[in-house]
């Protein structure tokens with residue numbers, strides 16, 4: 001039987017996130033209607049995360065938990081995306097907290113602006129979500145749309161992204177050799193989609209702690225150049241595949 005399509009899918013990649021997942025999943029589910037779903041790909045957690053998620057799925061039919069591939073965060077997100085049924089897909093990290101108007105605000109931007117990807121601003125907070133470290137990620141990072149700008153300096157952040165279902169066929173598979181899946185999604189959308197909409201609204205609290213998969217540090221110049229060359233090679237290969 002064909003699976004019923006959804007309005008919104010939230011793709012969340014989890015791995016040993018028990019310290020944060022209760023608050024994050026609660027904040028996400030407050031945003032969702034009965035037409036929506038939260039798809040969680042768990043990559044072999046051993047800290048009680050999987051048990052928590054399974055109990056959550058038993059209580060709330062909007063939640064689906066799938067087994068991750070065990071190949072790191074990029075492929076774990078890819079696995080979540082493969083299982084999403086929504087017209088609009090939101091990416092979610094396991095350790096952030098959404099505002100209650102996040103989904104409605106982003107969906108309004110899709111309807112009014114006709115773009116294929118939306119990225120909103122975020123407040124950066126400490127691990128306990130009790131102290132504001134940075135009032136605006138956009139201001140810190142100089143966030144802007146555009147393929148060339150984000151190949152030179154990536155300002156796309158996956159946890160602040162949502163996109164139309166149509167771009168999945170362009171972004172998958174996510175190459176294992178690239179550094180960041182959010183840069184990959186944003187740049188390919190800039191090339192193939194109907195535009196990227198940048199929202200100034202701060203619709204998420206982004207936790208900073210020692211276990212973050214992304215960080216605010218900078219690589220050395222040789223490492224940055226190497227990463228850009230790897231990214232460009234993967235991008236050219238993907239564009240060639242899409243034309244074939």
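Laboratory data are not the source of any read-out in this text; all were calculated from the coordinates shown. Everything numeric here is computed off the predicted structure, so don't read it as measured data. Cβ sites come from the backbone with ideal geometry, for glycine too, and all protein chains shown count toward neighbours.
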Problem - Convex hull volume per residue in cubic angstrom - Cα atoms of segment 105-244 - result: 115 Å³
Problem - For segment 100-140: rounded, prolate or oblate by the Cα gyration tensor [a/c cutoff 1.5] - result: prolate
Exercise for the section: Arrange the peptides 33-45, 53-65 so that the one whose residues have, on average, the most other Cβ atoms within 10 Å appears first. Expected result: 33-45, 53-65
Exercise for the section: Sort all Cα-Cα distances of segment 6-243 into consecutive 5 angstrom bins from zero, then give the percent of pairs in each bin up to the one containing the longest distance. Expected result: 1, 6, 14, 19, 21, 19, 12, 6, 1, 0
Practice task
Counting only C-alpha contacts under 8 Å and six or more residues apart, can you give the relative contact order of the chain as a whole percent?
Solution key: 21 percent
Exercise for the section: Quote the FRET efficiency, to the nearest 0.05, computed for residue 220 versus residue 59 with a Förster distance R0 of 41 Å and r equal to the Cβ-Cβ distance. Expected result: 0.30
Exercise for the section: Rank by packing, highest mean first: peptides 84-94, 6-16, with packing defined as the count of other Cβ atoms within 10 Å averaged across residues. Expected result: 6-16, 84-94
Practice task
Specify the inter-centroid distance of segment 74-103 and segment 113-161, based on alpha-carbon positions, in whole Å.
Solution key: 15 Å
Problem - Three-way shape call for segment 64-131 based on the alpha-carbon gyration tensor, with the a/c threshold at 1.5 - result: oblate
Practice task
Take the Cα of residue 230, step 7 Å along the line toward its Cβ, and report every residue of segment 72-100 whose backbone nitrogen sits under 14 Å from that point.
Solution key: 72-75
Handout entry: Cβ crowding within 10 Å averaged over residues, with 180-192, 103-115, 69-81 ranked highest first
Key = 180-192, 69-81, 103-115
